[in-house]
Amino acid sequence: MKVWNMIQFRLKELIVRKERLERRRITYAVINEHTGISPSTLARMANNATEMVGLSVIDRLCDFLACAPGELMVHVDSHGTHAIRTAESERPATRR
């Protein structure tokens, strides 16, 4: 059995959170206007169809979505388990 690890983006979840907080619709076009990140890049990230993303893209998204990189991205192991590190404990916890 092949073991794989993957970074997944939580872009869709964070967009929904921002929409609820600001009570407005947030489209890829809106994000593009504020960050300069192309809608096609955003779509690939939202669908976890990208293998590489620049740090400047992550930085701009974190600024726009008011989140930390660890909220934008999660590590998923071969069993579909999210490995989470908390700042307080620095111990990994698992969540399904």
Yes or no: residue 16 part of a helix (DSSP H, G or I), free of Cβ contacts under 8 Å to residues at least 12 places away in the same chain and either touching a Lys or Arg at 6+ places or on another chain (Cβ under 9 Å) or of a type in the set (Ser, Thr, Tyr) (or both)?
no
Checking 29, 43, 93, 83 in turn, the sole residue that is of a type in the set (A, V, I, L, M, F, W, C), modelled with pLDDT under 95 and either outside any strand (DSSP E or B) or more than 17 Å from the chain's Cα centre (by Cα) (or both) turns out to be 93
Among the residues of segment 19-49, write down those that are in contact (Cβ under 8 Å) with a residue 24 or more places away in the chain and either within 18 Å of residue 74 (Cα to Cα) or of a type outside the set (Gly, Ala, Ser) (or both).
31, 34, 35, 37, 42, 45, 46, 48
Looking only at segment 50-79, filter to residues that are in contact with a helix residue (DSSP H, G or I) (Cβ under 9 Å, 6 or more places away or on another chain) and part of a loop (DSSP other than H, G, I, E, B); which one of those is nearest to residue 37 (Cα to Cα)?
53
Restricting segment 50-66 to residues that are under 12 Å from residue 15 (Cα atoms) and over 9 Å from the mean Cα position of the chain (by Cα), the one surrounded by the most Cβ atoms within 10 Å (Cβ to Cβ) turns out to be 65
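The values are calculated or read from the model by the stated rules, or taken from the named source; none is laboratory data. Please read all numbers here as calculations on a predicted model, not as lab measurements. Reconstructed Cβ throughout: ideal geometry from the backbone, glycine too, with neighbour counts over all protein chains shown.
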